[in-house]
Amino acid sequence: MNSRKKHLKNRINKALQMPDEIDFETPKLTILKFEEVLIENYKGILEYQDFFVRIQTFIGIININGFKLTLEEMTSDDLVVKGKIESIDFESIVGNGED
Amino acid sequence: MHIKTVIYYILGYVNVVVEGFFIERFINTCISKRIFLWNTNRNKATIFSANTSISNYREVVKIAKKCQCKIKINKKRGLPFILNKYRKRKLFAITLVVIILAIFTISNFIWNIEISGINEEKQKEILSFINNEGVNVGIYKKKVNIQGLINKIRIAREDIAWIGMEMKGTNLVIKVVEADEKPQIIDKDEWCNIIAKKDGIIAKVEALNGTPIVSEGDTVKKGDILVQGWIEGEHTENRYVHAEGNVMAKVWYSEKEKVYYKQEYENQTGNKEKKYTLNINNFKINLFKTLSKFQNYDTISTIKKLKITSNFYLPVEIIVDEHLEKQKRQANYSKNEAKEIGINNLKNKLNEQIQDEGNISNIYINTSETEDYIEVEVIYEVLENIGTKEKL
């Protein structure tokens, strides 16, 4: 998807007042307590360890650190990570300048 | 998600252990091929375990091979594996089916009729009435027309105010409310006499209406007229009336008893023995064939109906015969003791006969002694109203 098309799509979405997460390229994180993270609109799992989960999305990578992490409710666009979550950080690959 | 795992339990699932360096690739391909993995666990850096359904297992194996991972089944869970385990035990399966079918068929019949709300005599009457209508223990449930049966009973019997029937499981519950018995009332307009209902000696006559034909001190017998229901006039013809009044009379109640000085009585030793008998539709099977080990004993039989739940009776009864051993003992009484015992026994008997103990005016006690026994007689003199009304 080139930047022009993206731009047009953004404008249509704004005009229709669509919520951002409707766009399937926008990941949405829902954190429940410190034990459960629901990630919608993800691309794939890059790394899965007991203490570290690395998830690829369309706009970057989500790193989840913790203990006894398990993957649950895996479907092609939702994923739940359960366990003792210590920290979540992001590695963005999309530039800030998006007009 | 919870429901999904339950469904997978019914369909059967396997716990697989995947070992290799490209586990993330394995997970990603599984997700993209829409294979549901749950209960995932990363034990070590190269070992990954997860649950997957039986139908997906072949696919999972293929994916694992593509990702250069070793795959191994750790556990097999779910109904298909349990059934497979008992596959060779055909008799077990057959009996299970037979039992289920038997329970289904048995539950279509009535195996117990329960009547409540009335005394035993009337219960038996109603039971025999129902049996005559064709409703027996063991009848097919749908043959019973409850409303029709209720109507028939209500028409046939006047002493019942309300009757309700309900089928609970294999139990037919009949609840009855008895109607109060109406006393025989003679209408004020009708003519009547007052007659004696007991033998006695008249103590007092209070006639409110009618002609008293007995006076104080007269001896009357049962059925004698006490107050006539007509008034004889000298100049007019007999005028009939509704006689009314109280006739008090002395009535005697007496009881006799011989009390022996030497008495044999039986005493229970406390030893018990239980014998069981199975009863299937009056076909009895003794579970213990041996005779009782006691020489003298009382037997108490109780019938237990087998039931699964509180209302699901089975057509099988267990009869429990309890044998209680007893011993013969001898007791020696002195004359006074024997007399006391006799008087007490007789008083208890007499108290049951009379309605009100406050009306007792005199108690006479006669005794006659012989060598072996003492004969005691107790007489109550009771002041009672002995008049009842009888239509002319």
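For the reader, a short list of remarks on this structure follows.
- Selection status of B:ILE71, without any contact (Cβ under 8 Å) to a residue 60 or more places away in the chain, out of contact with any Phe, Trp or Tyr (no Cβ under 8 Å at 6 or more places or on another chain) and closer than 30 Å to B:VAL14 by Cβ: yes
- Residue, farthest from B:LEU11 (Cα to Cα), within region B:74-112, restricted to residues that are in the same structural domain as B:MET167 (by TED's automatic domain parsing) and of a type in the set (Gly, Ala, Ser): B:SER107
- Enumerated strands (runs of 3 or more DSSP E) restricted to region B:150-213, each holding at least 2 residues that are of a type in the set (Asp, Glu): none
- All positions within region A:73-89 that are under 14 Å from the mean Cα position of the chain (by Cα), modelled with pLDDT of 90 or more and loosely packed, with under 13 Cβ neighbours inside 10 Å: A:ASP89
- Filter result for the condition that a residue is within 17 Å of the chain's Cα centre (by Cα) and at pLDDT 80 or above, over B:LYS272, B:LYS304: B:LYS304
- Scanning region B:1-12 for residues that are away from chain A (no Cβ under 11 Å) and either in contact (Cβ under 8 Å) with a residue 12 or more places away in the chain or more than 24 Å from A:ASP77 (Cα to Cα) (or both) yields B:TYR8, B:TYR9, B:ILE10, B:LEU11, B:GLY12.
- Of all the residues in region A:19-40, those that are more than 19 Å from A:MET74 (Cα to Cα) and modelled with pLDDT of 80 or more number 2.
- Taking (1) without any contact (Cβ under 8 Å) to a residue 60 or more places away in the chain; (2) in a strand (DSSP E or B) in turn, B:GLU377 satisfies each apart from (1).
- Residues that are assigned to a loop (DSSP other than H, G, I, E, B), among the hydrophobic types (A, V, I, L, M, F, W, C) and within 14 Å of another protein chain (Cβ to nearest Cβ) within region A:40-59 comprise just one, A:PHE51.
- Residue in region B:90-109 that is in contact with a helix residue (DSSP H, G or I) (Cβ under 8 Å, 6 or more places away or on another chain), closer than 21 Å to B:SER310 by Cα and touching a residue at least 12 places away in the same chain (Cβ under 8 Å) present: yes
- Members of region B:164-204 that are touching a helix residue (DSSP H, G or I) at 6+ places or on another chain (Cβ under 8 Å) and in contact (Cβ under 8 Å) with a residue 24 or more places away in the chain: B:MET167, B:THR170, B:ILE174, B:VAL176, B:GLU178
- Among residues of region B:83-94, those that are modelled with pLDDT of 85 or more and surrounded by 12 or more Cβ atoms within 10 Å (Cβ to Cβ), counted: 0
- Restricted to region B:13-48, and to residues there that are touching a Gly at 6+ places or on another chain (Cβ under 9 Å) and closer than 15 Å to A:GLU73 by Cβ, the residue that is surrounded by the most Cβ atoms within 10 Å (Cβ to Cβ) is B:ILE27.
- Matching residues in region B:9-26 - criterion: being touching a helix residue (DSSP H, G or I) at 6+ places or on another chain (Cβ under 8 Å) and farther than 13 Å from B:TYR57 by Cα: B:TYR9, B:ILE10, B:GLY20, B:PHE26
- Lone unmet requirement of (1) modelled with pLDDT of 90 or more; (2) over 17 Å from the mean Cα position of the chain (by Cα) for A:LEU16: (1)
- Residue within region A:30-37 that is hydroxyl-bearing (Ser, Thr, Tyr) and not in a strand (DSSP E or B) present: no
- Any hit, region B:79-101, residues being touching a Phe, Trp or Tyr at 6+ places or on another chain (Cβ under 8 Å), within 14 Å of another protein chain (Cβ to nearest Cβ), of a type outside the set (Val, Ile, Thr) and in a helix (DSSP H, G or I): no
- For region B:49-73, taking the residues that are of a type in the set (A, V, I, L, M) and either touching a strand residue (DSSP E or B) at 6+ places or on another chain (Cβ under 8 Å) or at the interface with chain A (Cβ under 10 Å from one of its Cβ atoms) (or both), the one that is surrounded by the most Cβ atoms within 10 Å (Cβ to Cβ) is identified as B:ALA50.
- Residues of region B:17-46 that are assigned to a strand (DSSP E or B), of a type in the set (A, V, I, L, M, F, W, C) and at the interface with chain A (Cβ under 7 Å from one of its Cβ atoms): B:TRP38 alone.
- Search result, residues across region A:60-94 that are more than 9 Å from chain B (Cβ to nearest Cβ) and outside any strand (DSSP E or B): A:ASP77, A:ILE93, A:VAL94
- Residue in region B:160-172 that is loosely packed, with under 13 Cβ neighbours inside 10 Å and of a type outside the set (Gly, Ala, Ser) present: yes
The values are calculated or read from the model by the stated rules, or taken from the named source; none is laboratory data. Not measured: the values here are computed from a predicted model. With ideal geometry, Cβ positions are generated from the backbone for all residues, glycine too; neighbour counts draw on all protein chains shown.
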